[in-house]
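First up is the structure itself, then whatever we jot down about it.
The values are calculated or read from the model by the stated rules, or taken from the named source; none is laboratory data. Since the structure is predicted, the reported quantities are computational estimates derived from the model, not experimental observations. Because the Cβ atoms are built from the backbone with ideal geometry, glycine has one as well, and the counts that use them run over all protein chains shown.
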Amino acid sequence: MKYIISFLIFIFLSSILLPIASNAESSPHRETVRGQIVEMKEDTPGLQRMEIRIEQGEFRGETVTVEHSLSGNQAHDFYFNESDRVLVWIESENGSISRALVRELARDHYLTYLGIFFALSIILIGGLKGIKTVISLAFTIFLILQVLIPLILGGLPPVFITIVIASIITVVSVLLISGFNRKSTAAILGTIGGVILAGLLATVMTRLTRLTGFSGEEAQMLMYVPNANFDFQGLLLAGMIIGAIGAVLDVGVSIASAVDELKRSNPAMTARQLIKSGMNLGRDIMGTMANTLILAYTGASMSLLLVLNAHNVSFNRVINMEAIATELIRIMAGSIGLIYAIPLTAVIAGLLYKNADSEKLQKEADKPSLWKRLTRKTS
């Protein structure tokens with residue numbers, strides 16, 4: 001009897017474990033690789049059949065025939081041409097390709113060329129400061145992609161962590177280019193103050209207008225991210241803060257630099273005179289910088305504005321739409337933060353330079369910047 005029971009147990013376990021082992025051995029492998037269209041075998045309004053040479057991964061050098069279906073809808077269709085570089089999704093099993101799909105046109109090499117030209121242009125025009133600017137930009141991108149985004153995905157409050165990252169970006173950018181001195185201190189404090197004000201104002205207005213943060217398709221897609229619980233209002237506010245920091249930083253640095261130059265050229269200037277001069281400069285640049293924010297956000301919403309205008313949607317309805325209200329709050333909160341960064345920076349700079357004489361300013365100017373200190377340590 002015990003042999004029969006053992007045999008039945010063996011059969012039962014085999015029926016469970018053997019399929020699992022078989023599936024493990026034959027489970028398909030999926031990856032996205034680069035390729036190039038070497039021949040367009042069929043090109044009709046409903047179908048493109050193409051021969052693609054794989055240029056990456058396990059099947060590099062092999063060719064595969066891919067069918068690309070077209071629906072006739074320009075919003076969803078993309079027509080490929082012979083010799084195009086593409087991204088190919090491959091499913092392989094037992095060392096051979098079982099299925100392949102064209103994902104996207106490969107655009108990254110063109111973007112790389114543009115990025116290199118952008119960096120070279122900054123260095124060509126800016127010289128040493130251009131090199132510092134490129135390093136500052138690289139640091140900013142690193143913080144956003146490798147620190148800010150993972151922390152938000154990890155569940156930290158988006159608004160708080162964004163203000164912290166924005167402050168770090170401000171401090172490092174200014175110190176890297178200008179070194180630690182009165183000018184840098186005034187620019188940093190004025191910028192952080194303006195950004196915090198913009199964030200507070202955006203928070204209040206978002207709560208009053210009861211914005212949900214779901215006006216964009218990207219935010220709706222985040223709802224389906226597994227094992228994540230996002231604060232969508234917080235994400236909306238974080239985006240507003242990041243969008244405003246560049247313009248506010250520009251204003252803060254410009255005013256602090258102007259006050260520094262005025263004090264150097266006329267050491268007898270009082271704090272009141274320095275503040276007044278800083279305010280005068282701020283009024284000159286306020287209009288252009290506010291326009292910069294307005295035009296940037298308007299450009300991003302151009303398609304939406306065209307749709308609303310084409311369908312003759314009433315102003316009363318447009319102004320109350322969440323997507324429009326979101327952009328208006330984004331524009332006005334950033335602009336107001338920029339506006340109040342002007343008197344804040346001017347007052348701080350005026351007080352810091354109040355008792356500074358020409359010798360102290362020269363000593364500060366002779367101090368090596370953060371860039372020079374870092375290069376000395378590495379050399």
Of the residues G190, G194, which single one is touching a residue at least 40 places away in the same chain (Cβ under 8 Å), of a type outside the set (V, I, T), under 25 Å from I324 (Cα atoms) and surrounded by 15 or more Cβ atoms within 10 Å (Cβ to Cβ)?
G194
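Which one is nearest to the chain's Cα centre (by Cα), of the residues in the range 216-261 that are within 30 Å of S277 (Cβ to Cβ) and acidic (D, E)? Step through it out loud before you land on a result.
Taking the range 216-261 first, the residues within 30 Å of S277 (Cβ to Cβ) are 241, 243-261.
After this cut, where a residue has to be acidic (D, E) as well, the list is 250, 260-261.
Numbers: D250: 18, D260: 32, E261: 34 Å.
Within the range 216-261, the match that is nearest to the chain's Cα centre (by Cα) is D250.
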Positions within the range 206-234 being of a type in the set (A, V, I, L, M), surrounded by 19 or more Cβ atoms within 10 Å (Cβ to Cβ) and part of a helix (DSSP H, G or I), in sequence order:
none
Out of the range 307-327, which residues are among the hydrophobic types (A, V, I, L, M, F, W, C) and either part of a loop (DSSP other than H, G, I, E, B) or in contact with a strand residue (DSSP E or B) (Cβ under 9 Å, 6 or more places away or on another chain) (or both)?
V313, M321
Among the candidates M279, M269, which residue alone is part of a loop (DSSP other than H, G, I, E, B), surrounded by 14 or more Cβ atoms within 10 Å (Cβ to Cβ) and modelled with pLDDT of 85 or more?
M269
Kindly indicate whether N355 is at positive phi and in a loop (DSSP other than H, G, I, E, B).
no
L262 versus (1) assigned to a helix (DSSP H, G or I); (2) of a type outside the set (D, E, K, R); (3) in contact with an Asp or Glu (Cβ under 9 Å, 6 or more places away or on another chain): which is the lone unmet condition?
(3)
Tell me, yes or no, whether the range 92-115 has at least one residue that is assigned to a helix (DSSP H, G or I), at pLDDT 90 or above, farther than 19 Å from R34 by Cβ and β-branched (V, I, T).
no
Just to be sure, is I342 at pLDDT 85 or above, within 27 Å of the chain's Cα centre (by Cα), in a helix (DSSP H, G or I) and within 29 Å of V248 (Cβ to Cβ)?
yes
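Inside the range 63-93, can you point out the residues that are in contact (Cβ under 8 Å) with a residue 40 or more places away in the chain and either farther than 15 Å from P45 by Cα or not assigned by TED's automatic domain parsing to the domain that holds Q36 (or both)?
So the first thing to find is which residues in the range 63-93 are in contact (Cβ under 8 Å) with a residue 40 or more places away in the chain, and the list is 80-93.
E82, S83, D84, R85, V86, L87, V88, W89, I90, E91, S92, E93, listed by residue number.
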For the range 59-97, enumerate the residues that are exposed (fewer than 12 other Cβ atoms within 10 Å of the Cβ) and of a type in the set (G, A, S).
G61, S69, S71, G72, A75, S83, G95, S96
When the range 295-306 is checked residue by residue, the ones that are surrounded by 11 or more Cβ atoms within 10 Å (Cβ to Cβ) and assigned to a helix (DSSP H, G or I) are L295, A296, Y297, T298, A300, L304, L305
